[in-house]
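Note sheet for the following structure.
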Amino acid sequence: MKILGATLLSCTVALTSLAADKVHTIKFAHVVAASTPKGKAADFFAKRVEELSDGKIKVQVFPSAQLVDDDRVFGALKLGNVQMAAPSFSKFTPIVPQFQLFDLPFIFKDEAHLHKVQDGEVGAALKDLVTKKGFVALDYWDAGFKHFSSSKKPVVVPDDAKGQKFRIQSSKVLEEQMKAVGGNPQVLPFSEVYSALQQGVVDATENPLSNFYNTKFHEVQTSLTLSNHGYLGYLVVVSEKFWKGLPDELKKHVTQALSEATTFEREETAKEDAHVIAQLEKYIADGKKLEIIKLDDAQKEAWSKAMEGVYPKFYDIIGKDLIDKTINAK
């Protein structure tokens, strides 16, 4: 019996040691280039979490939809084929309609207000809704504030939108946003937008600066209005199955590394915006046809007033309480 007991004890110690030495692999899939703020932040996270965990967590980053695109990533997370992803908010709205909150025009005053919302009560409530759907929601990352552009007429005051065909993402909020100012919303896949602008199928767009510049929309648009009227972002999520199997000590390393990566990603997005403006100004200085217009506070207020009727139409879907808390976040 003593021999058997000693053998069992020895096996238990060995198994415990193996568990402690186990390396946990995270496949982090995203759809943008490694050179973008999101791509850089994913790589930052991979390096940092390996450092914090002394190599017990290894992260393999798959940019540019190399492993899976965002339309199929939720299934991959459920199956455990992917452990981490950072889909855009629009991908969450079919499972959590309240994410349409981020589509509401002029709901965020500036970046500071936006991040207070995301990192506060409203952001936590939205993450809880995602977690209830079987994914562990962690941190919000920026794509950036959206701006209007056009090849037909500069979009400066709300009346300028009348009759213009605006390409939008598939979103009921964005449809109502453009209708509120007399625009004609056209839902098109992002990959088709350049040719649609070039051929006059649509006149105008709304995009973060990085999307506008990196997809060369400045070549087929004659004006860019720095309106900051809307926002695009990402939510970093983890496979529930993977998370449940991760020791608590390693979970702490993941959340710390991701928190640092979130700060890094937001800073990189701000740098990218400044870089894009500088490049566009150089493009204009070279004699190219593009006008950059910056809205002042009074002009933004006029747009906000013109679009405020959109909010009540989504009280039942998003929740008036959630909208009010967003507006009043401090």
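The values are calculated or read from the model by the stated rules, or taken from the named source; none is laboratory data. Since the structure is predicted, the reported quantities are computational estimates derived from the model, not experimental observations. Here the Cβ is made from the backbone with ideal geometry for all residues, glycine too, and neighbour counts use every protein chain on show. Note: accessible area is taken over every heavy atom of the protein model, side chains too, but ligands, DNA and RNA are not part of it. Shrake-Rupley method; radii C 1.70, N 1.55, O 1.52, S 1.80 Å.
Contact order, relative form, for the chain: 24 percent (alpha carbon pairs under 8 Å, 6 or more residues apart, mean separation divided by residue count).
Rolling a 1.4 Å probe over the protein heavy atoms of the chain, with every protein chain left in place, gives an accessible area that is 53 percent carbon and sulfur.
Can you list residues whose amide H is under 5 Å from Lys27's amide H, if they're 5+ apart or on another chain and H is modeled 1.01 Å from N? For Lys27, whose amide H was placed from the backbone, the distant partners under 5 Å are Gln60, Gln83, Met84.
Applying a threshold of 20 Å to the alpha-carbon distances of Lys300/Lys320; Lys58/Lys244; Lys152/Lys289 flags Lys300/Lys320 as lying beyond it. For the chain, the solvent-accessible area with a 1.4 angstrom probe is 48 square angstrom per residue. Do any of Lys132/Lys305; Lys179/Lys294; Lys27/Lys109; Lys56/Lys78; Lys27/Lys78; Lys294/Lys325 go past 25 Å between their Cα atoms, and which? As for pairs spanning more than 25 Å Cα to Cα, those are Lys132/Lys305; Lys27/Lys109; Lys294/Lys325. Tell me the net charge near Asp142. Cut-off is 13 Å between Cβ atoms, Asp142 excluded, with +1 for each Lys or Arg and -1 for each Asp or Glu. Charge balance near Asp142 sits at -4. With 0.36 nm allotted per residue and the present C-alpha distance subtracted, the His113-Lys152 stretch has 10.8 nm of extension available.
From the alpha carbon centroid of the range 295-321 to that of the range 108-187 is 11 Å. By a 1.4 Å probe calculation restricted to protein chains, Tyr234 has an accessible surface near 40 Å², given to the nearest 10. Projected label points at Asp248 and Asp297, each 7 Å from Cα along the beta carbon direction, are separated by 4.9 nanometres. Farthest towards the positive end of the charge dipole of the range 218-258, among the residues Leu250, His218, Gly233, is the Cα of Leu250, using unit charges on the Cβ of Lys, Arg, Asp and Glu.
Using only side-chain charges placed at the Cβ, +1 for Lys and Arg and -1 for Asp and Glu, the dipole size of the chain relative to its Cα centre rounds to 780 debye. Between Lys133 and Lys288, how high is the FRET efficiency from 1/(1 + (r/R0)^6) when r is the Cβ-Cβ distance and R₀ = 35 Å? Nearest 0.05. Efficiency at R0 = 35 Å is approximately 0.15.
Which residues among the range 254-271 fall inside the zone where the amide N is under 20 Å from a point 7 Å beyond the Cα of Asp54, along Cα→Cβ? Label zone hits: 254-258. Placing a pseudo-label 7 Å from each Cα along the Cα-to-Cβ vector at Ser170 and Asp316 gives an inter-label distance of 2.2 nm. The modelled label-to-label distance for the pair Phe190/Asp159, using points 7 Å beyond Cα in the direction of Cβ, is 3.5 nm. For the range 108-250, relative contact order (Cα pairs under 8 Å, six or more residues apart, normalised by length) works out to 36 percent.
Projecting the Cα positions of Pro63, Gly80, Gly123 onto the charge dipole of the chain (unit charges on Cβ atoms of Lys, Arg, Asp and Glu, taken about the Cα centre) puts Gly80 furthest along the positive direction. Of Gly183, Gly80, Gly245, which has the largest mean-square fluctuation in a 10 Å C-alpha GNM of the chain? Comparing Gly183, Gly80, Gly245 in the GNM, the peak value goes to Gly245. Extension gain, Lys325-Ser35: 0.36 nm per intervening residue step, less the Cα-Cα distance, totals 100.9 nm.
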